[in-house]
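S.K.: If you scroll down you'll find the structure; I have some questions about it.
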Amino acid sequence: MDLTLARLSEIPNLTVSRDAPLSAYTRFAIGGEADLYAETESVESFIQALAVARASGRDYMVMGGGTNLIVSDLGFRGIMLRFVAQRILAAGERVACDAGAVLQDLVDFAIDRGLAGLETLAGIPGSVGAAVYGNAGAYGYSISERVRQVRFFDGECVRMLDNAGCEFHYRESVFKRHKDWIIFSTELRLAPADAGALRKTADDIVKVRNEKFPVTMKCAGSIFKNFLLAELPAAVAAAVPEKVVREGKVPAAYFLEQVGAKGMSRGDIHVATYHANLIYNAGGGTAADLCALIAELKARVRRQFGVELEEEVQYVGF
Ligand SMILES: Cc1cc2nc3c(=O)[nH]c(=O)nc-3n(C[C@H](O)[C@H](O)[C@H](O)COP(=O)(O)OP(=O)(O)OC[C@H]3O[C@@H](n4cnc5c(N)ncnc54)[C@H](O)[C@@H]3O)c2cc1C
């Protein structure tokens, strides 16, 4: 028997499996198997599993809802870990939430209690932990604006970071630079507001989202990050029409459209005909085709504009 599997199996409250098909755990629905997969609601068990993973010398990583992952066709020769605790608690305007909670559940929880600050995140798929990790956001707002503190494991002990310590930036946080740090929970500070008005805002957003990203679409939302206007080379920034700039950002789709991205395809992987930064798997897509299409898009934009598109998605097993 696999020694690591045997050790993981001894940890209480940990569900372990081998040869886990990651295509079934990811929204893109592509990619091979993880050698081992383990999940738990318990912080203690998760830390024990991490210790086993580290001692095994094998590769390991943590995943959330799998909505922002591209998994290699060859799978992940390592241990995939998932923290699945989902508690959400409120005390006045403060809300504490486990990393494994579904972001939409947190949004709904806040709205139902007449707490404002998360309603524009309505419809963003995935877990709260990953939303903090990637500073998820939409409509000009990001989760970072509401995070008070984050409880995480730094490889040695469980610690807290306040908002400044998280070093949030557009789709960035300190956690992205420390791949071995695991977020267990976060505390947010919200503001009182009318629940009906918040619900209307959220519903309107979800309606628009569902048209752009049908719920059954096998995709990761936007493939590439948008650009901060201030960080583009001056000559490129000067050529961007004013009407394209939104909340200080230039959509990656602006550049992609001009290099003919819309409707491009490779195998069963397609760029949407209505949105140049949306790539989806029509059913039989492979990670190889997806990566080749991404590389082609990056090369075209680099050649024509001299700027480098950066993926918002995370790669697994490459
Ligand atoms: C249709 C669609 C629309 C989308 N729209 C948006 C949008 O408007 N705005 C936006 O910001 N994003 C958007 N996304 C992207 C995605 O929803 C977010 O990136 C989301 O936060 C990913 O959550 P997840 O739980 O699925 O993470 P996963 O895809 O499982 O993982 C993403 C990353 O988070 C890390 N991670 C997960 N959990 C933890 C943890 N507990 N501790 C440390 N690291 C962790 C993983 O290691 C991985 O690197 C969209 C995706 C889809 C499919």
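S.K.: With the requirement that a residue be more than 12 Å from the ligand (Cβ to nearest atom) and small (Gly, Ala, Ser), what does the range 97-112 give you?
M.R.: ALA110
S.K.: Checking the structure you have, find out if any residue of the range 42-55 is hydroxyl-bearing (Ser, Thr, Tyr) and under 20 Å from the mean Cα position of the chain (by Cα).
M.R.: no
S.K.: Okay, next question. Considering the range 122-153 alone, what residues qualify as being more than 24 Å from TRP181 (Cα to Cα) and free of Cβ contacts under 8 Å to residues at least 60 places away in the same chain?
M.R.: Result: TYR141, single match.
S.K.: What do you reckon, is TYR133 at pLDDT 95 or above, closer than 24 Å to GLU247 by Cα and among the hydroxyl-bearing types (Ser, Thr, Tyr)?
M.R.: In short, yes.
S.K.: Right, another one. Among the residues of the range 1-14, are any within 14 Å of the ligand (Cβ to nearest atom) and crowded, with 23+ Cβ neighbours inside 10 Å?
M.R.: no
S.K.: Which residue out of ARG82, ARG146, ARG94 is closer than 24 Å to GLU172 by Cα, away from the ligand (no atom under 13 Å from the Cβ) and surrounded by 16 or more Cβ atoms within 10 Å (Cβ to Cβ)?
M.R.: ARG146
S.K.: Moving on. Consider only pairs whose beta carbons are under 7 Å apart and that are at least six residues apart or on different chains; among these, list those whose first residue lies in the range 216-244 and is in contact (Cβ under 8 Å) with a residue 60 or more places away in the chain and closer than 29 Å to ILE70 by Cα and whose second residue is surrounded by 15 or more Cβ atoms within 10 Å (Cβ to Cβ) and of a type in the set (Asp, Glu).
M.R.: Here the result reads SER222/GLU312; ILE223/GLU311; ILE223/GLU312; PHE224/GLU311; PHE224/GLU312; LYS225/GLU312, each pair linking the range 216-244 to a residue that is surrounded by 15 or more Cβ atoms within 10 Å (Cβ to Cβ) and of a type in the set (Asp, Glu).
S.K.: Check off (1) more than 20 Å from LEU121 (Cβ to Cβ); (2) in a helix (DSSP H, G or I) for ARG199 and give me the number that stays unchecked.
M.R.: It is condition (1) that ARG199 fails.
S.K.: Right, another one. Among the residues of the range 125-149, which ones are in a strand (DSSP E or B) and out of contact with any helix residue (DSSP H, G or I) (no Cβ under 7 Å at 6 or more places or on another chain)?
M.R.: SER142, ARG148, GLN149
S.K.: How about the range 275-302: which of its residues are in contact with a helix residue (DSSP H, G or I) (Cβ under 8 Å, 6 or more places away or on another chain) and not in a helix (DSSP H, G or I)?
M.R.: HIS275, ALA276, ASN277, LEU278, ILE279, ASN281
S.K.: Select from the range 149-172 the residues that are modelled with pLDDT under 95 and aromatic (Phe, Trp, Tyr) and list them in ascending order.
M.R.: If the condition is that a residue be modelled with pLDDT under 95 and aromatic (Phe, Trp, Tyr), then TYR170 is the only one that fits.
S.K.: Out of (1) touching a Gly at 6+ places or on another chain (Cβ under 7 Å); (2) assigned by TED's automatic domain parsing to the domain that holds HIS270; (3) more than 30 Å from ILE269 (Cα to Cα); (4) surrounded by 14 or more Cβ atoms within 10 Å (Cβ to Cβ), the odd one out for ALA193 is which?
M.R.: The single condition ALA193 does not satisfy is (2).
S.K.: Does the range 151-168 contain at least one residue that is more than 13 Å from the ligand (Cβ to nearest atom), part of a helix (DSSP H, G or I) and in contact with a Gly (Cβ under 6 Å, 6 or more places away or on another chain)?
M.R.: Checking the range 151-168: not a single residue is more than 13 Å from the ligand (Cβ to nearest atom), part of a helix (DSSP H, G or I) and in contact with a Gly (Cβ under 6 Å, 6 or more places away or on another chain).
The values are calculated or read from the model by the stated rules, or taken from the named source; none is laboratory data. Bear in mind the structure is a predicted one, so any value in this text is a computation, not a measurement. Every residue, glycine as well, gets a Cβ built from its backbone with ideal geometry; the counts of neighbours run over all protein chains shown.
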